[in-house]
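Below is one structure, written out as structure tokens; the observations come after it.
The values are calculated or read from the model by the stated rules, or taken from the named source; none is laboratory data. Computed from a prediction, not measured in an experiment: that's the story for all the values here. Don't worry about glycine lacking a Cβ; one is built from the backbone with ideal geometry, like all the others, and counts go over all protein chains shown. Note: areas computed on protein heavy atoms with side chains; ligands, DNA, RNA excluded. Shrake-Rupley method; radii C 1.70, N 1.55, O 1.52, S 1.80 Å.
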Amino acid sequence: MLRQELGTNITAIVNRLASELQNTPFYPDFLADVQTTMATQNFSKERFGTECYEWAQGTSLDTKLRNALYHLMHVQPTLLANPDTPRQVLKEPLTYIRKAQSSWERRLVKCVNSMASELGMPLARRRTKQEREELAERWADLSTDETDLTMIRPVYAPKDFLEVLASLRNPNYDESVEENLWGSIQLPLKVNDIKGLVELYGELACCCKHTGLDESVVGEYKVNLTLADERLLLGQKVVERNHGPLSRELIKSGCPTSLRGVLWHQVLGLEITDKHCKYFEELVKAVNQHELLVDKLIMKDIQLTASNDDQYFVFEDILFQVLLCFFRDTEVLSHFEHSSASPPLAVARGNTPTPDNLVAYPPCGVIPFHGFTMYAAPLSCLYEDPVHFYFTFREMYCRYWYRLHIVTSHTQGAVGLALQFELLLQSCETRLWQHCTTMNIQLLPIVFKWIVRGFSGYLVPDQLFHLWDVILAWESLEVLPVLALAVVSFRRENLMDVTSQTAAEAVLADITAMRVIPLLKLALATDRTRDREG
């Protein structure tokens, strides 16, 4: 009976994958290529299916199909779940977490509406003809816009979000009976300990050579290559194969700098075509047609973050272009299918709120917060073309970054990563944790802003890219609390001398000189389950 039920579920999942694949932009072009190619083959009618399958193995069509299915399963993990599972459970299994996220969403919507009322601005309005012409003329120089943003303030910052997470409690958790939680996060979620992380990040935990860290000579006979040269040659072969899983395996040992842009595209399943260019042009037209209140929020955020960053201030213009388009892209709404969050809804002025005339606001369903720009800023160093830049950013956000600012029980959500950092600190740096507890010093508020922004703006770009390589290679954000722990461990001696929260913040104020891969290897390769000596 169990085997029969399992077979039924697998069949249902396969059928669902096939059905979903037909709804993707990939399918029409792929079907046309298959039909064109098959017309040139001479298969027998009796063995058509078998011969077709044997012929397709190893061809470019086979690689395209495998890539499409691979990325579909990673972008929409709920497709692999039991078909009988309720949708709301797939989005978030814990009821009290769903309620907390709904409460958080209502709070954000209230803040946006209050801001619109205070400023006397509509949530959206159609631009005048003159405004459209002026915007089109200065599209390439948006950073020179002199719009007064002094009255615009961020809807929230990471510290506000952390306060919400720290206030969460499981109503079914009896502290008098269950194990006590000693940190700021009081949710008994299951997260990986250091042993689990060592097992997860095997290649980082062992002594495998890594691009950017090891530069010893490799090779035999008369030809000697540095590791970077050897990895570049291997990377070029991988790029030619255009196989997502293969590219992912390559970057586990470091990504050749000159190939990072194209390898990230392969890992993310991106192949920029004329359709992408036309789609981006439509988004630009949407920016030109209507002004949104969130436009000012994101412009203010760019001013507060990227414009004040020595690494990214020169990319202000392309950041304006990409982010203004992002907040009008309804394709971003697709990530809500597997997220505990729901998009804010609005109705046009003068209309009665009904299910038929409610629309997502902003169109992408995401309300920006202080630091949101930094999810996009580093990509300006990789991609000159705004189309390549935009779709890479959108894909990374819909796969990873959205989890960092929603209330979810997922292990890669903000609350899970915050809890993981605290538990790692308690188990791996026990004496430091005891010292901080005695002095009433909280390290989580300091490192939480690093985690929520994926360390963007806190590390120099080349080191940040090494970190994001790890995120893409293992498809996991759990490396973020590991790096946070590694940074704290590196500054342990200084932290052991501080006696106040302000002093601790000063010790960890500047981490730009940190080298990511050596810190991660040190954190994962050492037996950290024992108490550290001073």
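Computed quantities for the displayed model
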quantity: Any chance Thr257 is surrounded by fewer than 18 Cβ atoms within 10 Å (Cβ to Cβ) and among the hydroxyl-bearing types (Ser, Thr, Tyr); calculated: yes
quantity: Qualifying residue in segment 447-454 (condition: more than 28 Å from Val262 (Cα to Cα) and free of Cβ contacts under 8 Å to residues at least 24 places away in the same chain); calculated: no
quantity: Segment 384-416, residues that are in a helix (DSSP H, G or I) and open to solvent by 10 Å² or more (accessible area, probe 1.4 Å); calculated: Pro386, Val387, His388, Arg394, Glu395, Cys398, Arg399, Arg403, His405
quantity: For Gly49: the one exception among (1) modelled with pLDDT of 75 or more; (2) farther than 25 Å from Leu189 by Cα; (3) small (Gly, Ala, Ser); calculated: (1)
quantity: Options Thr95, Thr59, Thr50, Thr36: the member that is of a type in the set (Val, Ile, Thr), loosely packed, with under 12 Cβ neighbours inside 10 Å, out of contact with any Leu (no Cβ under 8 Å at 6 or more places or on another chain) and farther than 30 Å from Cys277 by Cβ; calculated: Thr50
quantity: Residue in segment 365-382 that is buried (at least 22 other Cβ atoms within 10 Å of the Cβ), in a helix (DSSP H, G or I) and in contact with a Pro (Cβ under 8 Å, 6 or more places away or on another chain) present; calculated: yes
quantity: Those residues of segment 287-315 which are in a helix (DSSP H, G or I), acidic (Asp, Glu) and surrounded by fewer than 22 Cβ atoms within 10 Å (Cβ to Cβ), in sequence order; calculated: Asp295
quantity: Pair list, Cβ under 7 Å, 6 or more apart: segment 270-285 residue outside any loop (DSSP other than H, G, I, E, B), other residue modelled with pLDDT of 95 or more and hydrophobic (A, V, I, L, M, F, W, C); calculated: His276/Val387; His276/Phe391; Cys277/Val387; Phe280/Cys325; Phe280/Val387; Leu283/Cys325; Val284/Cys325
quantity: Selection within segment 234-263 - assigned to a helix (DSSP H, G or I) and of a type in the set (Gly, Ala, Ser); calculated: Gly235, Gly244, Ser247, Ser258, Gly261
quantity: Where Ala100 falls short, out of the listed (1) closer than 23 Å to Arg241 by Cβ; (2) open to solvent by less than 40 Å² (accessible area, probe 1.4 Å); calculated: (1)
quantity: Qualifying positions in segment 234-254 - in contact with a Ser or Thr (Cβ under 9 Å, 6 or more places away or on another chain) and open to solvent by 40 Å² or more (accessible area, probe 1.4 Å); calculated: Arg241, Asn242, His243
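Conditions (1) buried (at least 16 other Cβ atoms within 10 Å of the Cβ); (2) without any contact (Cβ under 8 Å) to a residue 40 or more places away in the chain, marked per residue:
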site	(1), (2)
Leu323	yes, no
Phe327	yes, no
Val332	yes, no
His335	yes, no
His338	yes, no
Pro343	yes, yes
Arg349	no, no
Asn357	no, yes
Ala360	yes, yes
